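Comments concern the structure below.
The values are calculated or read from the model by the stated rules, or taken from the named source; none is laboratory data. Since this is a predicted model, take the numbers as computed values, not measurements. Because the Cβ atoms are built from the backbone with ideal geometry, glycine has one as well, and the counts that use them run over all protein chains shown. Heavy atoms of the whole protein, side chains included, go into the accessibility calculation; ligands, DNA and RNA do not. Shrake-Rupley method; radii C 1.70, N 1.55, O 1.52, S 1.80 Å.
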Amino acid sequence: MCGIGACLSLLNDNVAPKIVKMLMNLEYRGYDSAGIAVIDSLGKIHVKKGVGRIHNLAETLRFNEMEGHIGIGHTRWATHGSVTDYNAHPHIDCGNNIAVVHNGIIENYTDIRERLISLGHEFKTQTDTEVIPHLVEEKYKEKKSILESLREALTELRGAYALVLITSHEPDKIFFARFFSPLVIGISNNDIYIASDIPAFLQWTRRVIILQDGDYGFVSADKIYIRNLYDPAVKGREIITVEWTKEMAAKGGYRHYMLKEIHEQPESVKRTVRMASKQIGDVINLIEKANYIYFVAAGTSYYASVHGQYAFAKYGIRSRAVIASEFLEEVGAFLDKDDLIIGVSQSGETADTLKAIRFAKKKGSKILAITNVVGSAITRLADRSIIMGAGPEIGVAATKTFTSQVATLDYIALNWARTHGFDVDLLISKLLNIDKDMEWVLEVNEEKAIKLSEVLKEKNNAYYLGRGLGLSIALEGALKMKEIAYIHAEAYPAGESKHGPIALVTEGFPIFSVVLRDETYHRMHIAIEEMSSRGGFIISVTEKNDSDTIKLSDFNFCAPDNYSNILAPLVYVIPLQLVAYYTAVKRGLNPDRPRNLAKSVTVE
Ligand code: G6P
C-alpha cells in the first residue's frame, strides 16, 4: 500500500531530504509515483510530484532543494485513479492552502466529490484522496480552525485512511488522522516524524507513538495533540521505545534486502522462539478450550497457516487454515464463542485479515494474533498476541517472517503436545537450536541456487509439488518465484498433480519436489516418476542423505537429516527462497521491488 512520510524539524532545518529518505525506506509499501509538499517561511505550500521511483524523482524534480521545515510526502500504490503525475499525492484544495497525502480508500468519495463540485470546488484528479483537502477547505470557511474542520471532515469519510495534512492557515503544524490504515509518530531530539511504518524513521529514533483507529490531531514544535473521534477519554497516547535497531532496517552490505533477510533467518528464528517462550502463557489453555480452531491469513502468512494446520494435526489438534478474503463466506456461518481464531499477519495491518477477525469477534470467538509488529491493528483486536522477533522486513516478498511464523506455530504445537503426553523433547530442543542447521542450509545451497537460476531464467513455468508437511513449503516456494521472478509457478499437493497439471509437462518443464522422509515419502516418489517420465526436469529438496530421491532428480537441494517433521519448512524453504531470488536477479529484476505488489495491503 502507499507509504506516508512527514517531518517537522525542531531545528528549523529543511525537511525535504529527510522526507525523501523516509519515502525510500517506505518504498516497499508502493512505488508507482511519489510526491512531497513543504511549507516555506512565508507559509506558502509548494508541491512536487510525479510518476516513477523516489530516487529518480528526487533527482529529476529536485526534491532536496525544496525549502521548508515542515513537510509531507507519499509513495503511491494506485487504487483509485491511474498512475499519472496528477494522481500522485500530495493533493491540494482550490486555494492551494491545504495539502494532503493519504493511504487507504475513501469509499464514499464520489458522493462527497459531487457535493463539493456543486459548491464550486474544482477537482484536478480522479483520486479518492482529493476530496479530503477540498472537504477540509469547505469546513474551514465556517470553522476557521483546521483541527475542527478536519475532525468534521473525518466524520463524513467512509472507508480506510491514514493521512497527514499541512496548511498555510496554520503553517507550524502537521495534522494527521488514522482509521484502519496504519500511522505512527516518531520523536527524536531534532524532529518529529509521522509515517505509515516504523522503519521509515528508525535511523533517527526508536521512540514511537502508535496511533489507533479514530485518532486525529496535530504535531507542532511544542506539542503532540491526539484526540479520538469515538473515545472522548483519549487525551494522548503513550510513547514506547521499539526494540528494532537502525541496523536491522539497513541493507548491511547485501545487494538487496531480500537476500539480507534470507540470510538473517537463523538469527531471526532463534529470536522468535525465545520471544515465543516468554509469551506463550495461557495460549495452550486457549487451544484446549477451543471447540474449533481457524487460522486466518493472507499471502505468505496463509501458507504459514497451512503449515500450522498440518503441524497441529500431527498432535491431534483439529484446525483449518482459511484465506482471509474468503473467511466470511467459507466459515462465517459456523463461528461461535467457543471457537479460536488464530490471525497470522506479519504487518498486523492486512485489511482482509482484520475484516475476518472483526467478524469473528462479533460472533464472540476468541482471537489469538501472531504478528511481527508491536501495537499493530491485529494486536488491538486480539484477546492474546504473540509478537515475533523477525525484526523489520523490508523486502516486499516475505522470507524471514515466514520462518518466524512457522517457528511460532511449531512452538505452540510442540508445547501443546508436551502437555498432552507426546514425547517432543527432542523436537523442542532442535527448534531452540535450529540456527546452526539453518546456517548450514544457507551455506550448502547458495551456490547451487545461483547455478540453477541460469537454467530457470529462461523458463516461463514451474510446478512445486509437496505432500503433507511438505505442502506449505511448495506453496511458499512457488509464491516466491511468482512474486519476484515473474515465472508462472504453481504449487500442488503432489497427489493432485496427475489430475490436470501433468497435461502441461513436456521436456525440461521444471518440477520442484519437496520430499520428506515420512509417511508421504513413497507417494512423493510416485509423483516424481510420473513427472519425470513426461520429460519433467526434477529439482528435489531432500534430506542430505536421501540418496534414493537424489537418484530420481536432475538437480538437488539439501536440508539436514532428521527434518522430516513439523520443523521441515524452517530449513527446506531456504533453498526455494534463494533460487527465486537469484532467478529474479538473473532476469534483471529487482527482487525488493516486484511490480504491482505491496508489502502491506491495507485495502480489501
Ligand atoms: C501482501 C504481501 C505478502 C504478504 C501478504 C499478507 O500481499 O505482498 O508478502 O504475505 O500481504 O501480509 P501480512 O502482513 O498480513 O502477513
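Over all other residues within a Cβ to Cβ distance under 13 Å of residue 140, the charged ones net out to -2, with Lys and Arg as +1 and Asp and Glu as -1.
Looking at the square roots a ≥ b ≥ c of the eigenvalues of the Cα gyration tensor of the range 3-241, which shape do they give, rounded for a/c under 1.5, prolate if a/b is larger than b/c, or oblate? Taking the square roots of the gyration eigenvalues as a ≥ b ≥ c, the range 3-241 is rounded. Hey, how many Å between the Cα centroid of the range 100-143 and the Cα centroid of the range 484-499? Comparing the Cα centres of the range 100-143 and the range 484-499, I get a distance of 45 Å. Full extension of the segment from residue 56 to residue 429, taken as 0.36 nm per residue of separation minus the current Cα-Cα distance, would add 129.4 nm.
Distance between the 7 Å Cα→Cβ label points at residue 118 and residue 144: 2.9 nm.
In the range 515-604, which trypsin sites (Lys or Arg not before Pro) fall in coil by DSSP and have 16 or fewer other Cβ atoms within 10 Å? Answer in residue order: 534, 544, 587, 595.
Cross-link partners for residue 363 among the aspartates and glutamates, with Cα-Cα distance under 12 Å and sequence neighbours closer than 8 places in the same chain left out: 336, 338, 339. A straight Cα-to-Cα reach below 12 Å connects residue 482 with the aspartates and glutamates 490, residues fewer than 8 places away in its own chain not being considered. Taking all protein chains as present, what is the carbon and sulfur share of the accessible area of the chain, in % to the nearest whole number, probe 1.4 Å? Solvent-exposed carbon and sulfur of the chain make up 49 percent of the total. Structure note, pairs 400/436; 448/544; 270/366; 246/400; 289/355: Cα-Cα distances above 21 angstrom occur for 270/366; 289/355. When both bridge partners sit in the chain, DSSP labels roughly 60% of those beta bridges antiparallel. Among DSSP bridges having both ends in the range 440-604, what percentage is antiparallel? Round to the nearest 5. Just about 0 percent of them are antiparallel.
Evaluated with a Cβ-only charge set (Lys, Arg +1; Asp, Glu -1), the chain carries a dipole of roughly 480 debye about its Cα centre, given to the nearest 20.
Note on residue 522 and residue 227: the extension gain reaches 100.0 nm, defined as 0.36 nm multiplied by sequence separation minus the Cα-Cα distance. Scanning residues 5 or more positions from residue 321 or on other chains, those with amide H under 5 Å from its amide H are 295, with H placed 1.01 Å from N in the peptide plane. The 3J(HN,Hα) values that the Karplus relation (6.51, -1.76, 1.60; θ = phi - 60°) gives for the range 215-226 are, in residue order, 6, 8, x, 8, 10, 9, 4, 10, 7, 10, 9, 10 Hz. Gly and Pro appear as x.
DSSP H helices in the chain with Cα extent of 27 Å or more along the helix axis and mean Kyte-Doolittle hydropathy at least 1.6? Helices meeting the criterion: none.
Potential lengthening of the chain between residue 110 and residue 420 amounts to 105.9 nm, from the contour at 0.36 nm per residue minus the alpha-carbon distance.
Couplings 3J(HN,Hα) of the range 175-192, computed from phi: 8, 8, 7, 9, 8, 6, 8, x, 7, 10, 10, x, 10, 10, 6, 9, 9, 10 Hz, in residue order, whole Hz [Karplus 6.51 cos²θ - 1.76 cosθ + 1.60, θ = phi - 60°; x for Gly and Pro].
Using Cβ point charges alone (K and R +1, D and E -1), the dipole size of the range 215-310 about the Cα centre works out to roughly 200 debye. Residue by residue, the range 587-603 carries 3J(HN,Hα) couplings of 7, x, 9, 9, x, 6, 10, x, 5, 6, 9, 10, 5, 10, 9, 9, 10 Hz when phi is fed to the Karplus relation 6.51 cos²θ - 1.76 cosθ + 1.60 (θ = phi - 60°); x denotes Gly or Pro.
Taking each pair of distinct Cα atoms in the range 528-604 once, what is the resulting Kirkwood hydrodynamic radius in Å? After inverting the mean inverse Cα-Cα distance, the result is 15.0 Å. Start at zero, step by 20 Å, and the Cα-Cα distances of the chain spread as 21, 50, 26, 3 percent across the bins.
From the square roots a ≥ b ≥ c of the eigenvalues of the alpha-carbon gyration tensor of the range 212-317, which class results: rounded (a/c under 1.5), prolate (a/b over b/c), or oblate? Oblate. The aspartates and glutamates within cross-link reach of residue 49, meaning a Cα-to-Cα straight distance under 20 Å and a gap of 8 or more places when in the same chain, are 27, 32, 40, 59, 65, 67, 85, 93, 122, 128, 130. Looking at the chain, the accessible area is 37 square angstrom per residue; that uses a 1.4 Å probe and ignores ligands, DNA and RNA.
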